[in-house]
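Let me give you the structure first, and then I'll get to my questions.
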Amino acid sequence: MCCIPGCLRLARNPHRDSCEGPGRLPARFSDSLQTDVCNGKITSTYVSLKINKYKELLMERTLSIIKPDGVQRNLIGEVVKRFEKAGIRIAAMKMLRLTKQQAMGFYKVHQERPFFESLTDFMSSGPVVVMVLEGGDVIQKNRDLMGATNYKEAAEGTIRHDFATDIEKNVVHGSDSPATAATEIAYFFSELEICR
């Protein structure tokens with residue numbers, strides 16, 4: 001009898017007594033793994049594949065923007081260094097200058113707020129650097145690194161505490177949820193531009 005509980009091949013053909021041979025396991029397993037698992041051995045290859053699968057499931061993406069004040073003050077390297085030091089991977093990155101209309105489109109969720117005009121004026125006032133960050137729990141990690149929106153309330157050692165000069169010129173933007181991250185990433189990047 002096969003040693004793999006619920007083997008798909010056996011479920012389709014109950015008269016088989018073994019799952020040995022290429023292509024007998026579900027496609028997500030490699031042929032080299034086939035014999036090891038069927039012979040009742042769990043190899044390091046098998047464990048690595050399982051761990052990598054769980055990592056993929058836990059992997060998040062978020063959008064980060066270095067705002068015009070951060071670019072103008074040459075803080076790009078400092079911000080990137082903090083991300084990398086925290087174990088965050090940069091999966092995509094580019095510099096661009098938003099038009100007023102593009103800034104309004106990006107911040108349309110805030111269009112009824114009193115700060116909408118000044119925010120979109122500021123975000124279109126100079127180049128920005130947009131990045132896709134990737135890692136486990138990266139949305140929260142990024143928000144922890146950035147600090148509170150109001151730099152006066154930001155924890156010591158955060159980007160905003162260390163570099164922001166006012167509530168609008170607070171150096172960085174970061175998505176606040178998985179749904180927001182997906183929308184914001186798609187605003188700036190196609191899937192082809194995001195490296196795995």
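List residues of the range 129-147, by number, whose backbone nitrogen lies under 20 Å from a label position 7 Å along Cα→C-beta of ILE194.
129-144
If R0 is 22 Å, what FRET efficiency do you get for ASN74 and SER177 from their C-beta distance, rounded to 0.05? Mind dumping the intermediate values first?
Details: r = 31 Å, r/R0 = 1.40.
About 0.10, to the nearest 0.05.
What is the extension gain from THR99 to LYS152, computed as 0.36 nm multiplied by their sequence separation minus the C-alpha to C-alpha distance, in nm to one decimal?
Values: separation 53, 0.36 × 53 = 19.08 nm, distance 2.93 nm.
Net length gain for the segment: 16.2 nm.
I've got another one for you. Around LEU75, what is the net charge, scoring Lys/Arg as +1 and Asp/Glu as -1 over all other residues with Cβ under 12 Å from its Cβ? Walk me through the numbers before you get to the answer.
On the way: positive: LYS67, ARG73, LYS81, ARG82, ARG160, LYS169; negative: ASP69, GLU78, ASP162.
Here the charged neighbours net out to +3.
Read-outs: derived from the displayed coordinates by stated rules, not from any lab. No experiment lies behind these values; they were computed from the predicted model shown. All Cβ positions, glycine included, derive from the backbone under ideal geometry; neighbour counts span all protein chains shown.
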